[in-house]
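Only one structure is covered here, and it is reproduced in the block below.
FYI, it's all coordinate maths here, none of it is from the lab. Owing to the predicted nature of the structure, the values given are computational and were not obtained by experimental measurement. Reconstructed Cβ throughout: ideal geometry from the backbone, glycine too, with neighbour counts over all protein chains shown.
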Amino acid sequence: MQEFHCTVYKDYKISIPTKIRKLLAISPHDEIVLKVKDNNEIVFATIQQELADIQLDMKKFFGEKSIVSDFLATKMDDYDDS
């Protein structure tokens with residue numbers, strides 16, 4: 001694990017160290033996610049990483065089954081006028 005130090009400025013902004021920006025491929029105006037765990041540990045991730053984690057969780061839960069097809073089939077049934 002690497003450790004980095006940041007300064008919190010009087011307007012509560014922090015500067016993300018260059019090594020972290022390069023590691024996570026962060027650019028100006030990118031959105032990031034900060035999660036505070038129960039032990040007050042902060043987890044810092046990009047939106048892209050959060051989406052990848054969610055997709056992996058969904059794949060673990062649903063396997064290779066397409067939930068989109070099931071959803072669309074349900075919606076088609078809702079609008080079936082016959």
With Cα atoms, 0 to 90° folded angle of helix 67-78 axis to the chain main axis = 50 degrees
query = To the nearest 20 debye, what is the magnitude of the charge dipole of the range 18-78 about its Cα centre, counting +1 on the Cβ of each Lys and Arg and -1 on the Cβ of each Asp and Glu?
reply = 400 debye
Fully extended contour minus Cα-Cα distance, from F44 to K19, at 0.36 nm per residue = 7.6 nm
Selection from V36, I16, T74 lying farthest towards where the dipole of the chain points positive, charges on Cβ = I16
ask   = Over the range 18-78, with a single point scatterer placed on each C-alpha, what log10 of the ratio I(q)/I(0) does the Debye formula yield at q = 0.15 1/Å?
value = -0.69
inquiry  = Going by Cα centres, the range 16-38 and the range 51-74 are how many Å apart?
reply    = 27 Å
message = Spelling out what I want: for every residue of the range 46-55, take phi, set θ = phi - 60°, compute 6.51 cos²θ - 1.76 cosθ + 1.60 (Karplus), and round to whole Hz; glycine and proline get x.
response = 7, 4, 4, 5, 4, 5, 4, 5, 5, 4
message = List the lysines whose Cα sits under 23 Å from the Cα of K10, skipping any in the same chain fewer than 8 residues away.
response = K35
ask   = Got the relative contact order for the chain handy, in percent, Cα pairs under 8 Å and 6 or more residues apart?
value = 14 percent
task = Step through the table entries K22/K60; K19/K59; K13/K37; K37/K65, compare each Cα-Cα distance with 25 Å, and write down the pairs that go over it.
result = K22/K60; K19/K59; K37/K65
remark   = Phi angles of the range 57-66, converted by Karplus (6.51 cos²θ - 1.76 cosθ + 1.60, θ = phi - 60°) into ³J(HN,Hα) in whole Hz with x for Gly and Pro, give 4, 5, 5, 5, 6, 9, x, 8, 5, 7
